[in-house]
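The values are calculated or read from the model by the stated rules, or taken from the named source; none is laboratory data. Note that the structure is predicted; figures quoted are calculated from it, not measured. Here the Cβ is made from the backbone with ideal geometry for all residues, glycine too, and neighbour counts use every protein chain on show. In case anyone asks, the SASA skips ligands and DNA or RNA and just uses the protein heavy atoms, side chains included. Shrake-Rupley method; radii C 1.70, N 1.55, O 1.52, S 1.80 Å.
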Amino acid sequence: MSRKILVVGNGAREHALVWALTKNSGNEVHCAPGNGGICEVAVCHREVKANYFPAILALCKKLGVDLVVVGPEEPLVNGVTDFLSANGVAVFGPTKAAARLEGSKVSAKQFMERSLIPTPEWCYFRSFRRAAAYIRGHKGQLVVKADGLCGGKGVTVEKEIGDKKKSKEALVAAAKELMVGKRFGAAGESIVVEEKLVGKECSFVVQTDGTNVMPLKPATDYKRRYDGDDGPNTGGMGCYAPVPRFTPDIEEEVMERIVMPTIRGMAAEGNTYRGFLYFGLMLTRKGPFVLEYNVRPGDPETSVQLPLLKSDLSELLFAGVNGGLAGVKAELSDEAAVCVVVVTENYPDKGGSSGEHITGIDYAKECGALVFHAGTAKTPLGSTVTAGGRIFNVVGVGDNFSDARDVAYRGTMKIKFGTSDYRRDIALEPAFSPPWGTR
Ligand code: AMP
Ligand code: GLY
């Protein structure tokens, strides 16, 4: 019997989910709205947007969908799970109340404080005047974060520049832009100001049915635009998994001090969490800390985590939604995976590119690379064109980082369009330095 699964979203993360779900020939996979690559492997419903719930529901009813998986945070934070569940559709994703772990940094911090989960020291402000006074008077380095969703652009980290007064004033300016300038509207009216931690970041993503937890391989994400971690923050320029510095001992500590207290704490507060849960961790001399929760799988992390999942993803999702992950063991591969994100030259400052012809995708696949599409579309004649700033996640899997990297870059170099660009240093330093860094 074929099972119908609807994936909601249109990025490389959703392409990776669709790719993993279609490995089981018993699944009929649909995607709303999808993109130029997803439509090659699943049925895309381009007219159904991720944030318009009645259209998603109508599609589920029309198709008789057995399960919905949601990629982006916005629909989850706005209650897509509650809406679809109330109408009899099964969703692997958190409710609106549980999704506040990502939807409000203040709520997430308060929850961590109540649940004794390690997270940087913090304060929150509704008044810009008070925030500015606090920042100027604080001795240590700080981070300013908008409370609400800002598409990953609401965080400013204090720079390590010699002039302390200047670096504090830059943070005050960031707070002003959020609170007074209302750069992100209501999302920035309240801010969190927290202690800046020094260490190495790690993305730890689990699937949970509300009680039981199944981790995926830990991953490291490259957020800065240019080689050597230079330039502005982006939605991720590449990543790799696993993370050698994330040793079994560290994983045990993270499970005991962070993951299980989160799952148990949410359940105890009546907000049982089901779905993917992403822990943005900082590994420091004092142990692991939570910088952020995301209530969905990561992008680009999913592009390396799912190729390292040997078990059938759909079985895990169906088990998860029915509270049945107890005793289910996901099999993970011992291989390494590296992902290079292909973007437009003007990303992230400008709007990307649209309608540029892309060649070489098949050659990239012939090199052994997995090519997950992000901002692409199909022309009426069936060729693939650009449609955004992030265009592809190109992934190599191999016995070690060197092999995986080789496949990812050989694939990346085959893909050609006028404004293409990518970082050249992804997975060049696979994490063999100490967890707290070398600075
Ligand atoms: P967030 O959305 O909270 O994860 O923040 C985005 C990025 O800002 C993180 O991935 C880190 O690179 C950086 N960041 C956030 N909080 C801190 C912190 N307390 N200390 C150092 N870096 C941070
Ligand atoms: N890679 C960061 C994120 O998915 O939020």
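Between residue 429 and residue 230, residue separation times 0.36 nm minus the direct Cα-Cα distance comes to 70.1 nm.
When you restrict to C-alpha pairs under 8 Å that are six or more residues apart and normalise by the size of region 211-262, the relative contact order lands at 30 percent.
The mean sequence separation of alpha-carbon pairs under 8 Å and at least six residues apart, normalised by the residue count of region 176-247, gives a relative contact order of 20 percent. When 302, 247 are compared by accessible area at a 1.4 angstrom probe, the order from most to least is 247, 302. Per 0.36 nm of contour for each residue apart, how much would the distance between residue 139 and residue 247 grow if the chain were fully extended, relative to their Cα-Cα spacing? Result: 35.5 nm gained on full extension. For 31, 44, the ranking by accessible surface with the largest value first comes to 44, 31, using a 1.4 Å probe. The overall shape of region 166-230, judged from the alpha-carbon gyration tensor, is oblate: a/c is not under 1.5, and a/b is no greater than b/c.
Build a GNM of the chain with springs between Cα atoms under 10 Å apart, and of 375, 188, 151 the one that fluctuates most is 151. Taking a ≥ b ≥ c as the square roots of the eigenvalues of the Cα gyration tensor, an a/c ratio of 1.5 or more together with a/b no larger than b/c marks region 314-439 as oblate. Quick one: pull the percent of accessible area on region 241-356 belonging to carbon and sulfur, 1.4 Å probe, ligands and nucleic acids left out. Carbon-and-sulfur percentage of accessible area, whole number: 46. Bridge orientation summary for the chain: considering DSSP beta bridges with both residues in this region, about 80 percent are antiparallel. Our summary gives the chain a relative contact order of 16 percent, counting only alpha carbon pairs under 8 angstrom and 6 or more residues apart.
Rounded to the nearest 500, the 222 nm mean residue ellipticity of the chain from helices alone is -8000 deg cm²/dmol, with -39,500 (n - 2.57) taken per DSSP H run of at least 4 residues. P(r) for the chain, please, calculated from all Cα pair distances in 10 Å bins and given in %. In whole percents, the pair-distance histogram is 4, 21, 32, 28, 12, 2, 0. Which of the GluC sites (Glu not before Pro) found in region 156-223 are loop residues per DSSP with 14 or fewer other Cβ atoms within 10 Å of their Cβ? Loop-located and lightly packed - 160. Solvent-accessible area per residue in the chain equals 42 Å², computed with a 1.4 angstrom probe and all protein chains kept. Checked against a 26 Å cut-off, the cross-linked pairs 49/416; 350/416; 23/105; 109/153; 109/329; 176/350 give Cα-Cα distances beyond that limit for 49/416; 23/105; 109/329.
Per-residue packing, averaged as other Cβ atoms within 10 Å, sorts the ranges 396-407, 336-347 into the order 336-347, 396-407, beginning with the highest. On the beta carbon distance between residue 51 and residue 350, with R0 = 25 Å, the FRET formula returns roughly 0.60.
Cα centroids of region 1-76 and region 108-178: 37 Å apart. Classify region 334-393: rounded, prolate or oblate, from the alpha-carbon gyration tensor (a ≥ b ≥ c, eigenvalue square roots; a/c under 1.5 rounded; otherwise prolate if a/b is larger than b/c)? It comes out oblate by the Cα gyration axes.
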